[in-house]
Amino acid sequence: MTGNMPFLVVGILFFLGLYSILFERNLIKIAIGITLLEASANLLLIVLGYRNGGSIPVFTLAGEVETMVLPTPQALTLTAIVIGLATSALLLSLIMMLYKHYGTLDVREIRRLRG
Amino acid sequence: MNWSVHLPALVIAVPLLGAFAAPVAGLGGKPLRNLWLVTVSALTAILSIILWRYVQVEGIMVYVLGGESWALTLPSGLSWPIRIILEVDAFSAFMAVVGSIAALAGAFFSLRFMERFSGLDKFVSLYFLLTAGMLGMELTGDLFNFFVFLEIASVASFGLVAYWRDRPEAIEAGFKYMVVSTVAAMLILIAVGFFYGRYNAVNMAAVARMMRFGYAEKIALVFLVASLAMKCGTVPMHMWTPDAYTEAPAGVTCLLVAVSQASLYGLFRVCFSLYGTSLGSSVVPWTIIVMGVLSMFIGVTMAVIQKEIKRLMAYHSVSQIGYILLGLGVGLLALNDPQAMAEYGFTAMKGGIFHLINYTMYKGLLFLTAGALYYAAGTRNLNELGGLARVMPHTTFMFVIAAAAIAGLPPFNGFVSKLLIYESTFAVYPILAVAALVTSVLTLASFVKVFQTAFLGPEKSVFQHVKEVPATMLVGMSILTIVIIGLTLFPTWSLAHLVEPAAKALVDQAGYITAVMGGGL
Amino acid sequence: MTQLAGTALLLVGSAILLHQTGSAAVGPVPLKLLWYFIPALGIKAALPGLHFWLPEVHSKAPAPASALLSGFAVKLGVFGLARLTSPETGTIYLAMGGFMALFGVFQALLQHDAKRLLAYHTISQLGYVISAVGTGTPLGLAAGMFHAVAHGLFKGLLFLSAGSLEKAFGSRDLRYLGGAAALLPVTFALFAAGALAISGFPGLSGFASKALVKASLKDINNTPAVWVLQAASVGTVISFCKLGYFAFIRKGTGSLKTLPGEGRGSVKNSHRNLGMAVAAAATVFLGLRPDLVPGFLGEGGYPFFALSTVISALLPILAGLLLFILLKKALEPAEHHVPDVDNLLAATGPFLRKIPDTLGALHSGRLRVYIAYVIVAALTIFAYLER
């Protein structure tokens, strides 16, 4: 019996991610926060497609099992994970470059562009 | 078989192919790569225009990806669509034309402008990815697909904004843009999840048909509106705009302007087609109007005090987005009331949509001229520039046209669209029209300042060696100039053939749903 | 900075004017809407309180621009006001016009900058136009338009002569000028024609148009307004005596010399005189044959040169001359300070600058603050949606 537990986890992950983006100073931790946000969104999609006691949605299993979890969210999640991977990679490489240029990972000091 | 049914897919596929084949073309050296960049951009633009013509004649087009037949939206007797569907109505096609023209101009401009950089194969790839993402956002009829294309466009634009990796500012701008926009993208994804949870569908038409305005929908709406408004640079979420627009190479900025329009497209697609009449209260229209007025005013105020030419223009684009939001927000306000719609709502929407194309054209041109100034003079600081009108007559001419258009001087196209917005907003609430007018005046003041400091004034000895920019850059700029002049000379034609069908398509929610879901169900 | 603000306001005026002509049929508007239009057009027409941009702009702009500005730009506003006239607005216009006429001339008397003096006279002359328009009669409208045209011509002429002075001597400050008549006799003659015209000397355009204005006021039996305008005329005469005397006639300080290449008979100077001569010729022509002004008068002509009108025109001139001779000492150009709204303008400058500064501080470059903005905006929308 899963009930609303997964949604609670999604919420916790979401706010953890938001918290670390808003209140952490280290750029890497901000990147982690973004990854947490992504994870919460992905988890939300998966949970939405879950049917109690369902099995994997594979075409050849049709008829053999009673319920299947919904396939669409899984496809969506896969896509979202790939996108998330690209984002994280780019984010981390930008952080690396920032460190090279600014010599710091403190987000408060990266503010040359203002006004 | 009639090949034109494949147009929606082709418009997206051509730049995607262009992106992935760019390294191959790069093997042929500089000439082949440049040829590739220009050819693919031109082909995309031509295809978009054909698509637009086709939609004009045939009405809304649907295209099912991966189905047995590309017109079969509801296979095997199902009552909801299961495949990814591209849905192109007049508004989408209009946006695709606007975006691909801006992309073409940016491509021409970048040929020589980017020569000073390395890794140009990757530049070409990213440029086409950005184009493909933008066009995908505009043509898709699927919420998740929209998110995917948004992310394609975003990732490509992060790379392009931070392209000049020797400049700390470019990296900083790219990073900030990236963090803010990734958070926004996650909000969109969560909103898509909500829709899926409620309706078991991610197709816009299917969701729109079943739409019941409940709690989950409200949250999803807030997520969508906030994040899309952020992506198109609306006050108070515009902070990334000046950074990113300033630091991106000029040709890319021209395209970024068009990409921000794609987010704007998404915002209005969500408000008009997805929620449409079920929005009920006037909170969302007023939110959009208030954001529009704030953007107009704060954007232009910040622009007036800027010293750097591209940053100044970036703040102006925040302010111009405000006009579009104002126009379409007033249209949304009148959506549930046929009488108000006829009286002022439709005029406002026409104004907003006309301003959208005008804005993309002249703002793209302005960024290109700023890039040309930078290319020729080596500085973007207004205090250092001066007296360039004599050495760069063509650039000056095009700058004047664009500046006159953005300031809304009659008879330029910017004047026509602003007039439509003034008229209609005056009918709703005169103070809105006054705010728009004040913004227009400040815009004019600030561009007179730019013109005076950069182009007029005594010739400076530092700029003695400065020459007019190379021909290909001028070609890029003249494409946009020609469009502006065309829109200026034929405002009636543009309104009747370009703008009105788009505005009608946006209002016609039922038609949008029927095209996918069929009439009978 | 003030010039920019002035221009911006000017543009607001013209933009609203454009908007209004573009969207609404131009005609008498309901009184309710009038409060949108009067300030908008009033900025252009330099109604009291909204006139602050005019002296500033005039004294900074080059002379030909000033000439055009006073000839046409301010008239646009008056024209707009004239088109909006309705019985209710008439009284407002009359009161404003009378006040403007007196106020402008009073301020003009105290100026020592030739162009500022002229600029304040523009306000005063516009007062005539607006009170004529305020009568609401066809005669009044015709008189107002006639005076607007006449004023455009002679004020243009006067601005150009002030510009000539500035070009020739490098200054237009009455405290330093003097004796220019001997050095630039042609310029002086043309200036005199303009000055006489603005004073309403019979035979020049100002006479004819002022006579019409007064006639239109008498038509509606508004004697106080006539007397106010007569008083303003006296002031006009005095202040032009002042301008003429201190700039042209008075023995200079001796140090006054024309700048090199700018003296009498120089090519530049004669070109300028030629331009002024055209305006002067038009002024004289309008004055001699006012009946030729097409369409301004109804069926019957107006007896411009009747004895009573001539006397009524000459009276203020004589009075003005007399007063000037009596008060010459007091009118010695000097730094006078009279409270006026343009002082407020200087005070608003720093305040206006605060707005972008504050906004600029919001663009702090702090990434986390930016994200906070996004979240706050989203929450605000949600809060309103839930209400």
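Read the figures in this text as sums done on the coordinates, not as results from a lab. Remember, predicted model here, so these are calculated numbers, not experimental data. For neighbour counting, all protein chains shown are included, and Cβ atoms are generated from backbone atoms with ideal geometry for every residue, glycine included.
Things to note:
- Going from the residue with the fewest nearby Cβ atoms within 10 Å to the one with the most, B:256, B:442, B:495 rank B:495, B:442, B:256.
- Taking the C-alpha atoms of region C:86-187, convex hull volume expressed per residue in Å³: 86
- Degrees, to the nearest 10: B:250-268 long Cα axis against longest axis of chain B: 20
- Relative contact order of chain B, taken over Cα pairs closer than 8 Å and 6 or more residues apart, is 17 percent.
- Helix B:120-139 vs. chain B, principal-axis angle (Cα, 0 to 90°, nearest 10): 40
- Burial ordering of A:50, B:127, C:120, fewest other beta-carbon atoms within 10 Å first: A:50, C:120, B:127
- Taking A:23, B:399 and counting other C-beta atoms within 10 Å, the order from fewest to most: A:23, B:399
- According to the Cα-based calculation, Rg over Rh for region A:5-109 is 1.16, with Rh computed by the Kirkwood formula.
- With K and R counted +1 and D and E -1, the other residues having a Cβ less than 10 Å from that of residue B:92 yield a net charge of -2.
- Equivalent-ellipsoid semi-axes for region B:281-489 (Cα gyration tensor, √(5λ), whole Å, largest first): 35, 17, 12.
- Note on region A:47-115 and region B:318-337: Cα centroid distance 34 Å, given to the nearest whole angstrom.
- Degrees between helix B:168-199 axis and first principal axis of chain B (Cα, 0 to 90, nearest 10): 10
- Value at 222 nm in deg cm²/dmol, rounded to 500, when DSSP H runs of n ≥ 4 in chain B each add -39,500 (n - 2.57): -24000 deg cm²/dmol
- Per residue of chain A, the DSSP helices (runs of n ≥ 4 H) give a summed -39500 (n - 2.57) that works out to -23000 deg cm²/dmol at 222 nm.
- Each label was represented as a point 7 Å from its Cα along the Cα-to-Cβ direction; for residue A:26 and residue B:118 these points are 3.2 nm apart.
- Oblate is the label for region B:1-277, because a/c, from the alpha-carbon gyration tensor with a ≥ b ≥ c as root eigenvalues, is 1.5 or above and a/b does not exceed b/c.
- Gap separating the Cα centres of region B:9-41 and region B:199-269, nearest whole Å: 28
- GNM remark for chain A: springs join alpha carbons under 10 Å apart, and the peak mean-square fluctuation among A:22, A:70, A:37 falls on A:22.
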